[in-house]
Amino acid sequence: MSTGKRETWRRVFLLIGRLALAGMFLFAAYAKLKPQAALPWSVASVRTSLSMFAMQVDSYQLLSPQAVSMAAHALPFVELGLGLWLLSGLWLRYSTLATSVLLLGFFALMVRTYSLGLEINCGCFGPGEQLGKKSLLRDGSLLAFSLAVTICAFLSKRKRSESANSIPAAASEPQRAN
């Protein structure tokens, strides 16, 4: 495959990858923030949803009550911000790296909890999803996909930098009139 075609495929993969990851994070944030039981959107209904999410965060048995509340109230907005950042395409290497780090943390936490034998709701995409082999497979796949997008983003930047630096000196110097 020629270098031009490879770069085109890399750009297509990056576009699809970042849009898919953005969609996933935006949906995850929405699922955690949306009002429960057909309540209308309001500050009070979002607070209720975040309190419900706090119970799921607490079920992981990892944080103090204050930290649980802080994490449950911050995480959906972090996911929302990360989804919007990925959607924008700005500083793609950093947004994909942040995505991979966050997904790695989520996955490690899920593996730890599963290995302890705790039967809890995962909380990944809102209430009601049991932590099990299916959710581990899904989140492990998302992590692998995110890592592939991150690697591709870093390789793409490196390739563009190398091609910009490989311009011959004669071509990069302005022509002088004799």
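The numbers here are math on the coordinates, done by the rules we state, and not lab data. A quick note: this is a predicted structure, and the numbers were derived from the prediction, not measured. Don't worry about glycine lacking a Cβ; one is built from the backbone with ideal geometry, like all the others, and counts go over all protein chains shown.
Say a site is exposed when it is one of the chymotrypsin sites (Phe, Trp or Tyr not before Pro), sits in a DSSP loop, and has at most 12 other Cβ atoms within 10 Å; what is then the longest site-free stretch of the chain?
After excluding every exposed loop site, the longest remaining stretch is 92-178.
Which loop GluC sites (Glu not before Pro) in region 72-150, with loop taken from DSSP, have no more than 11 other Cβ atoms within 10 angstrom of their Cβ?
Here the GluC sites (Glu not before Pro) that fit, given the DSSP loop and packing criteria, are Glu119.
Compute the angle between helix 43-58 and the longest alpha-carbon principal axis of the chain, please, reported from 0 to 90 degrees and rounded to the nearest 10.
90
What is the chain's relative contact order, in percent, from Cα pairs under 8 angstrom and six or more apart in sequence?
27
Whole angstrom only: what separates the Cα centroid of region 107-145 from the Cα centroid of region 2-41?
19
Which order results if Ser141, Ser156, Ser146 are arranged by neighbouring Cβ count within 10 Å, fewest first?
By the 10 Å Cβ count, ascending, the order reads Ser141, Ser156, Ser146.
Does anyone have the angle between helix 65-88 and the longest principal axis of the chain? Alpha-carbon axes, 0 to 90°, nearest 10?
Here the helix axis deviates by roughly 30 degrees.
Report, to the nearest 10°, how far helix 3-33 tilts away from the longest principal axis of the Cα atoms in the chain, using its own Cα long axis and a range of 0 to 90°.
20
What is the pair-distance distribution P(r) of the chain, computed from all Cα-Cα distances in 5 Å bins starting at 0, with each bin given as a whole percent?
Going out from 0 Å in 5 Å bins, the chain shows 1, 8, 14, 16, 15, 13, 10, 6, 5, 4, 3, 2, 2, 1, 1, 0, 0 percent.
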